[in-house]
Each structure stands twice: as C-alpha cells, then as structure tokens.
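Written out below as structure tokens is the structure these notes cover.
Values quoted throughout were computed directly from the atomic coordinates according to the rules given, and no laboratory measurement underlies them. Treat the numbers as computed from the prediction; the structure is a model and nothing was measured. Using ideal geometry, Cβ is built from the backbone for each residue, glycine included, and neighbour counts are taken over all protein chains shown.
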Ligand SMILES: C[S@@+](CC[C@H](N)C(=O)[O-])C[C@H]1O[C@@H](n2cnc3c(N)ncnc32)[C@H](O)[C@@H]1O
C-alpha cells in the first residue's frame, strides 16, 4: 500500500507502530492526566486528556472493538501491515523474556497473553517458555483464529474479554504478557486493571508490558481511528506506580525501524 497521505499511514499503524506523523497531537506537561492540554493539529483543542477519553465506557472502547473486528485475522493483520517485523519483534521479546526468567527467577508454570489477538506471541514464544498459557482477547474473530492456530493440543484457557473488565484469578499467574494493548485502556481502567493483575500474581511472578512509547518529552499521541493513546515513558511509569508496581527490568526492542515509535519492554513486580 502506498503511503501518500497521513491517513493512509495511520491506517497501517493500528498496530501502534505510529510514526512521528500525528493526526491527534497532544502536548503533555505533567504526569497526572488531568494536567494535560492539547490539540488535534486540525484546530480542536483539548484542555485535559479526560476530554479525549470522555466518560470512557462504550464511547471510548467501542471504536477499538469495531476497528479490530474488521482487521484480517493474520500476523499481518494484527501487526497493521507490518508483518515483516514479526520475527524481529519475537526475537526481541525472547531476549527480554530470557532476562526475566534468569534475572528475576520468575516461575514458568502458568501465564496469560492479554490482548492476545490471534495468539501470535503465545504461538511463537510464550508457550515454549511456560507450561500453560491462557489467551485473553475481546475480539471474536481473533480469538477464534487463536484457537485454530494454537491447535487441539493447546492446554490453556481461551477467555473472551476486554482487559478493563477481566478479573484474573487471585494468586494464579507467574507471568502476564501485554503487548500493544495497554494503549487502548484509559488511565483509570489501566491502573485498576494492573492492580488486579498484581493481585493475580503468584509469589515471584511478574507483569510484562511491551508498548510503543513516545520519547518526545511531554508529548503523547491519540489516534482517533482506533481510540488508542501512545503514552510517554513518564506516563507509563506513573501508571505502574499508581498500581503498586515497580519496574524490575526495562529493555528496548532492538533492530527496530527508526521511523517508528521506539518499543519498550518492562517487567513489573509488586512494590512491597
Ligand atoms: C496490535 S494488536 C496486538 C495483538 C497481540 N498482542 C500481538 O502483539 O500480536 C491489539 C490487540 O488488542 C486487542 N484489544 C483492543 N482493545 C482491547 C481491550 N480493551 N482489552 C483487551 N484487548 C484489546 C485487539 O483486539 C487486538 O487483538
């Protein structure tokens, strides 16, 4: 597909690999979301990020659901047309995961792939590292494809749910993997969700997050096509702290195209 217009580019970037071209560009001055101001580059002003989110709920989440329901249930589809980056992505995650297991000694009994799409990361990486993986994904056609791709011998549970309403069982998971999905959650829902994740960890467990991060100081991006937010590093750190989590490991995706947002990986553990 030719990328003549920024709208074409945005269509390809649903996977969250947004370039520095921005449709909605919001200036960000302070970590709390209610201290932000911004605009959309086309004249609309936002006094706060809460203005962008509105009330949350269906008004905010409906669009992402519609968007993902229309995408191809394929590697290229969940990567927004960047299927060729799949091997690089998986290799980077594998390096990071090896650090998680060796340096943090996270147990390997049970994990969940949260916002799993077609189960791409579980299929190519996580199921090789953990004895049981559960798949959590709201979109019917994607989770159905995950069931097919992972095959009859797959042991884990398939849970069709958005993360903002998923309550993982207490004291159950050694590792919860989130990749290109927290960008869909409002700050409040993200913090509440991460608290539930913290409570669902077994002793020694960790929450992994792999997301695009805006490294431009104080500037984050809202994509109105799928209602997602590319947060700054400070914003992510603030969310983690508010959820009672600290960063035990941080790793930047190697060999990533420089015109795309940097992708950072975090291993989070309870603060206490
Ligand atoms: C860019 S894809 C990434 C899929 C997968 N993590 C991967 O890397 O292959 C984004 C995924 O997030 C899911 N998603 C969007 N909003 C979500 C929400 N509120 N809760 C859980 N998943 C969501 C979409 O259905 C889609 O599967």
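Of all beta bridges that DSSP places with both ends in region 24-270, some 55 percent have antiparallel geometry.
Suppose R0 equals 22 Å; then what is the FRET efficiency for residue 255 and residue 72 from their Cβ-Cβ distance, rounded to the nearest 0.05?
0.30
By the count of neighbouring beta-carbon atoms within 10 Å, fewest first, 183, 104 end up ordered 104, 183.
When both bridge partners sit in region 134-272, DSSP labels roughly 65% of those beta bridges antiparallel.
Distance between the 7 Å Cα→Cβ label points at residue 188 and residue 202: 3.5 nm. Using 0.36 nm per residue and subtracting the Cα-Cα separation, the extra length available between residue 95 and residue 144 on full extension is 14.8 nm.
In nm, what is the difference between 0.36 nm times the number of residues separating residue 132 and residue 195 and their Cα-Cα distance? Don't jump to the answer; show the numbers that get you there.
On the way: separation 63, 0.36 × 63 = 22.68 nm, distance 2.24 nm.
Contour length minus Cα-Cα distance gives 20.4 nm.
Taking all Cα pairs closer than 8 Å and separated by 6 or more residues, the relative contact order of region 79-179 comes to 31 percent. Based on C-alpha pairs under 8 angstrom that are at least 6 apart in sequence, region 24-270 has a relative contact order of 19 percent. Take the Cβ atoms of residue 233 and residue 165, set R0 to 35 Å, and the FRET efficiency comes out at 0.80. Taking other Cβ atoms within 10 Å as a rough exposure proxy, 178, 86, 259 sort from fewest to most as 259, 86, 178.
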